[in-house]
1. What value in Å³ per residue do you get for the convex hull of the alpha-carbon atoms in region 464-532?
2. How long, wide and thick is region 247-306, going by the Cα atoms along their three principal axes, in whole angstroms, largest first?
3. Residue 137 accessible area, nearest 10 Å², 1.4 Å probe?
4. What do you get for Rg/Rh of region 387-517 when both radii come from the Cα atoms and Rh is the Kirkwood radius?
5. Using label points projected 7 Å from each Cα along Cα→Cβ, tell me how many nm separate residue 213 and residue 187, to one decimal.
6. Can you figure out the FRET efficiency of residue 537 with residue 448, using R₀ = 56 Å and their beta-carbon distance, to the nearest 0.05?
7. Scan around residue 420 for amide H atoms under 5 Å from its own, H built in the peptide plane at 1.01 Å from N, and keep only partners 5 or more places away or cross-chain.
8. Quick one: 3J(HN,Hα) in Hz for region 387-398, Karplus 6.51/-1.76/1.60 with θ = phi - 60°, rounded, Gly and Pro as x.
Amino acid sequence: MSKSRGSGAAARTTQYVLLLLHRGGGGGGGSGCCCSNTSGSPSTATAIVSRRCATAPSRSIVNNDKFDRRSSSTLLSSASSCSSQRQQQRGIGNDSSDNRRGRVVMTGGTRIIIRDAATQCAPAQKVLTMDNVYDNLVKMEYAVRGPLLIRALEIEKELQKGVKKPFKEVIKANIGDAHAMGQKPITFLRQVLVLALNPQLLEDPSYPEDAKERARAILGGCKGCSIGSYTESAGIDVVRRHAAKYIEERDGGIPSHHQNIILSNGASDGIKAFLKLFNGRLNGKPTGVMIPIPQYPLYSATISEFGLQQCGYYLDEDNKWGLDVDELERAYQAAKTNSNPRVLVVINPGNPTGQVLTRENIENIVRFAHKNKLFLLADEVYQDNVYDKDSAFYSFKRVMTEMGEPYCHMELASFMSISKGYMGECGLRGGYAEIINMDPKVMAILMKSISATLCPTAVGQAAMDVVVNPPRQGEPSYEAFLNEKKSILSSLAERSRLVVDTLNSIPGYKVNPAMGAMYVFPRVEIPEKAIKAAKAAGQTPDTFYAFQLLEATGICVIPGSGFSQKPNTYHFRTTILPQKEKLKSMLSILKEFHLKFLKEYS
């Protein structure tokens, strides 16, 4: 019993509740109603009708069999039948005998009350909708865990249900998750974590004494000597001190102070906490954050979330993804039109491009940042991942300090993580930031800001402690630790060369050597026919290519558009992390797919 309704997104309805009160006794025929109630007790049914209006979303409304359990029958269908037969007789929808209770009509032995259901049974209007949700979060994109990964996870579930595919598994080459790709944990690191999590094992003679010593130090820095307690917001003091010592040794004795160290849930949280300081407008303009293109999507996502302005500078693909100061200058001048450039982000070794900056290159970047009064953000999470024999990692802090006046006084925030390097402990979420030469009052603001999140995970802090305070020569675990570390890094270097050599053998592919990090970023020539097909599908050409690859092979990569790239060029990022035999198989499948793709779209 409903009036006709329009269809489509523009259609609107108001709902009404029909309360059907059946008076007991006798069969439906004698009362003029098809409904019966053999128990003689009142019974209730609820139905919904609707009419067009402009206050509620359109929906298709069908029988709602909601009824009093004492009734032996559902009244809705019967009442609907009766009401349709007697609608004109009884004037339903024309009279209103009780505005407070609703329209009351009688049909046979059934009393029908029609009430506006806006506040009775229809879903309440949502407080938070797409019309009023924080707009910057709507704009934010994070390609590494975007639509391609979502589809890859769907395919995994389809395979588990027995859906037939031209492949048996999904290979997630989209993200730098070493353990997910088969890398084994560092034994010493896990031993320390086990001891810290279960201190009773400190009496177990099967654990080496150097692991026990580190676990005791970590527990001694925890309240109640338990890793389950809250830590200080900036992290466990002893871990911060070990991080400062690690940095000092790494940089040839240049002093590092633990008060400048902030521990975090991976480097990502530290980077976001730092960039949040710039979330303000000066002279009506947002802060401009200069980032490399291609870039790691954490930066573009955070910039969008905080309402900052992305200012991209292009890396030179024809020069092994080098960083040219003239390009920095071009980007800086362009950025000044709609922002106040205040931050320069440098990723070294590079993600997704794998380049390693030379010392000379870093010196030029430092001079540029000083000239333009830019706060340097050095993303150095891949500092252990340098594979090129002619390359070496130089920290920005070391180069900047050794350059002397006035550069040694520049503001710098550098970041490290346990997720990369030889550790690959992504899920434990451990990282640190060293922030130097920051205004002490601003540093206090940063500390206040991070205190609102209470503290980083204590387990991640304990893992970071092992990274910055590894076994020393002469300690029981030193040789085994060193062998595991060397083996992992050597294998990564070998796999990096394997990926680069194989991809360069594929027609239409061009890839620079990966001097460091965990990825390669090949350039792919996409035929014009495929570009048109991508446009018809509403996708960028490299996204179209990546989806075709996923559906045909189960290989999940991230299109270059997710990292940004020069116009009219197409790339994708793949990790080098699958273990060697699986990596060989993946590359063979990728080559076969690409040749078929070229044939289909040429």
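The values are calculated or read from the model by the stated rules, or taken from the named source; none is laboratory data. Please read all numbers here as calculations on a predicted model, not as lab measurements. Cβ: placed from backbone, ideal geometry, glycine included. Neighbour counts: every protein chain shown. Each accessible area value is taken on the protein alone, full model and side chains, heavy atoms only, with ligands, DNA and RNA left out. Shrake-Rupley method; radii C 1.70, N 1.55, O 1.52, S 1.80 Å.
1. 105
2. Its Cα atoms span 42, 28, 21 Å along the three principal axes.
3. We get 80 Å² for residue 137.
4. Reported Rg/Rh (Cα atoms, Kirkwood Rh): 1.05.
5. Result for the modelled spin labels: 1.8 nm.
6. Between residue 537 and residue 448 the formula returns 0.70.
7. The answer is 425.
8. Couplings: 10, 6, 5, 9, 10, 8, 8, 10, 6, 4, 4, 5 Hz.
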